[in-house]
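J.: Mind having a look at this structure? Questions to follow.
Coordinate-derived values only; no laboratory data. All figures in this text were calculated on a predicted structure; none of them were measured in a lab. Here Cβ is always computed from backbone atoms with ideal geometry, including for glycine, and neighbour counts include all displayed protein chains.
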Amino acid sequence: MKNLLYLLLLCIFFLQPVMAQDKKAIVEEVNEDDLGNVTDEFQEHFFEALKQKAIENYEKAIIALEACLDLEPNNAVVYFELGKNYRELEDFEMALDSYKKALELDRREDILVELFHTYRSTGDFELAIESVRELMEFNPDYKEDLANLYMLNEEYEEALKVLDELDEEEGVNDYRTIMRRQIYARTGNTEAQIENLEEGIAQDPENEQNYLNLIYIYSEQGNEEEAFQTAMELLETNPGSRLVHLALYKFYLDRNKPDAAVNSMKIVFESEEIDPESKFKVLNDFLLFVKDNPGYEQELLEVSQNLIEWEDAPKLYEQLGKFYLKNDKKEEALRFFEKGIAQNPDNFELIKNTLLIQIEAGQNEKARDLSQEAMEIFPAQPFFYLLQGVALNNLEEYAEAEEILTFGLDYLIDNTRQEIDFYNQLAIANSGLGNDEKATRYKQKAEELLKELE
C-alpha cells in the first residue's frame with residue numbers, strides 16, 4: 001500500500017487524457033514523503049482532492065481535504081492544498097488562513113510564494129513585503145519583487161533604493177529601468193529627484209548609478225545638453241564605466257561624431273554588465289546608422305560576429321539577417337538566418353526568409369529539407385508546401401513535387417496570387433513527368449487567375 005498514491009497519480013495521467021486536455025487538468029506532483037506516515041484512507045481522500053482540483057471542482061476538493069484533516073489534523077501539505085483551492089474560488093481569507101497554518105507546520109519556500117501572491121492579489125502590500133523579505137532568505141532573486149511591491153505600496157524612495165542596489169549587484173536590465181521610469185512618472189517631482197541625485201553624486205562620486213539616473217531624467221525632460229554633460233562627468237570620474245556608453249553612443253550620433261559613437265557601441269556589446277535586450281536596441285541603432293553610413297559596414301560585420309559569440313541569441317541573427325536582406329546582401333542575410341533557425345526552429349518569418357533566399361541561390365537540397373521540417377511544424381501553412389514544390393521541381397523530382405503541391409492546395413484559402421504560383425509549379429511538375437495535357441490545364445488556370453487580378 002505504500003505506493004498507492006503514486007499509482008493513483010499515474011492513473012490520472014494515463015487513463016484520463018481527454019479530461020486533461022479539455023479541463024486543463026494538471027495534477028501537481030506531491031512528494032509522498034511530505035505527507036508523512038499516513039493511512040490508505042488518508043491517501044484515498046488526498047488523491048480524490050487532487051483529482052477534483054484537476055477538473056476544477058474546487059468545492060469537492062476542499063471536502064476531500066477536510067476529510068484528510070479529520071485523519072491527520074497537523075499535515076502541512078493538506079493545508080497548503082486547501083489554500084490553493086480556496087484561492088481558486090477567490091476566497092482569499094480562507095486561502096490565507098490555510099497557508100498560514102501550513103507555514104506554521106512547515107516553513108517552506110513554495111508556501112511563502114503562495115502567501116506572497118495572495119497578499120498581492122488582495123492589495124495587502126505591507127504583508128506581501130513581509131513575505132518577500134522571508135522569501136529572500138531562501139533566494140535573493142526575490143529582491144526584484146520587493147522593489148515592485150514598494151512601488152505598488154507607494155514607498156517610492158524604498159523602491160528606488162532597492163533598484164539601485166540591484167543595479168549595482170547585477171547590472172541594469174529593462175525591467176528595472178521601466179520600473180524606475182514608472183516611479184519617476186508617478187512622483188512627478190523631477191526637480192527634487194535631480195537635486196537628490198546631485199547631492200548623491202557630490203557625496204559619493206564613485207557611485208555611477210546616480211549619474212545614470214540623472215542622465216535618464218535630463219533626457220526625459222529633453223535637456224540633452226545636461227544629460228550629455230552628466231555622462232561626460234561620469235566618464236571622467238569613472239573611465240572604466242561601461243553603462244554610461246548606453247547613453248553616450250546616442251549623444252555622439254546626435255552630435256555627428258560617428259567614430260566616437262561606434263566606439264561606444266562596441267563597448268556596450270563587449271560589456272557583461274549590460275543585458276542582451278539593451279544590446280539588441282543598440283544594434284538596431286547601429287544598423288540604421290550603417291544604412292546611412294555604408295563606410296562603417298565592415299565594422300558592423302565584425303561587431304556582429306563578436307556579439308554572436310558572446311550572446312548566441314536567435315533574435316540577433318534574425319535582426320542582422322533582415323538588415324542585410326533589405327540591403328540586397330543575400331549571402332550575408334542567409335548566413336545569419338540559417339544560424340537563427342538552428343537556435344529557433346519554429347520561427348515562421350525566419351524560415352520563410354531563409355527558404356526564399358535558398359531557392360534564389362539555387363540551394364534546392366537545403367530548401368527541400370528545410371521546407372519539410374517547416375511543414376511538420378506548420379502543417380496547415382500552404383506557403384511551405386509551395387516552396388517545397390519549387391525546390392523539388394528545381395531538383396527534377398517531379399512526382400514528389402506534384403504530390404506535395406496538390407496536397408498544399410487543399411490548405412489554400414483566399415490567396416489568388418499564391419494559387420497562381422501553385423498552378424504554375426504544378427504545370428512545371430506535370431511537364432517534367434510528360435503529362436502535357438495536365439500541364440497545359442494548370443497553366444491555363446494560372447493565366448485565367450492572373451487576368452482576374454489585372
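J.: How much length is gained on full extension from N327 to L71, taking 0.36 nm per residue of separation minus their Cα-Cα distance?
T.: 84.9 nm
J.: Which of L450, L212 comes first, and how do the rest follow, when ranked by fewest Cβ neighbours within 10 Å?
T.: L450, L212
J.: Could I ask something else about it? For segment 321-454, with the dipole built from +1 on Lys and Arg beta-carbon atoms and -1 on Asp and Glu ones, taken about the Cα centre, which of I341, L387, Y423 lies farthest toward the positive end?
T.: Positive-most Cα among the choices belongs to I341.
J.: Follow-up question, since we're still on this one. Take L412, L65 and order them by how many other Cβ atoms sit within 10 Å, fewest up front.
T.: Neighbour counts put them in this order, fewest first: L412, L65.
J.: Normalising by the residue count of the chain, find the relative contact order in percent from Cα pairs under 8 Å and 6+ residues apart.
T.: In percent, rounded to a whole number, it is 5.
J.: Residue separation times 0.36 nm, minus the C-alpha to C-alpha distance between Q221 and L127: what's the value?
T.: Stretched out fully, the Q221 to L127 stretch lengthens by 30.2 nm.
J.: Diagonalise the Cα gyration tensor of segment 37-103 and give the resulting equivalent ellipsoid semi-axes, square root of 5 times each eigenvalue, largest first, whole Å.
T.: 18, 15, 7
J.: Continuing with the same structure: Using the Kirkwood radius over C-alpha pairs as Rh, can you work out the diffusion coefficient of segment 376-454 via Stokes-Einstein at 25 °C, viscosity 0.890 mPa s, in µm² per second?
T.: D, rounded to a whole number, is 198 µm²/s.
J.: Then there's this: If we count other beta carbons within 10 Å of each Cβ, what is the order of L395, L355, L146, fewest first?
T.: So the ranking, lowest neighbour count to highest, is L395, L146, L355.
J.: Please report, in Å, the Rg and the Dmax of segment 81-173, where both are computed over Cα atoms only.
T.: Just the Cα atoms of segment 81-173 yield Rg and Dmax of 14.1, 41 Å.
J.: At E376 and E437, where each label point lies 7 Å from the Cα along Cα→Cβ, what is the point-to-point distance in nanometres?
T.: 3.9 nm
J.: Here's something else I'd like to know. Rule-of-thumb check for the chain: C-alpha Rg over 2.2 N^0.38 Å?
T.: Compared with the compact-globule rule of thumb, the chain sits at 1.37.
J.: Taking just the alpha-carbon atoms of segment 329-371, what radius of gyration and Dmax come out, in angstrom?
T.: Using the Cα atoms of segment 329-371, the pair Rg, Dmax is 9.2, 24 Å.
J.: Calculated FRET efficiency, R335 and K451, Cβ-Cβ r, R0 51 Å, to nearest 0.05?
T.: That pair, R335 with K451, gives E of 0.80.
J.: A further question follows. As an exercise, use a Förster radius of 60 Å and the Cβ-Cβ distance of M136 and D369 to find the FRET efficiency, rounded to the nearest 0.05.
T.: It comes out at approximately 0.75.
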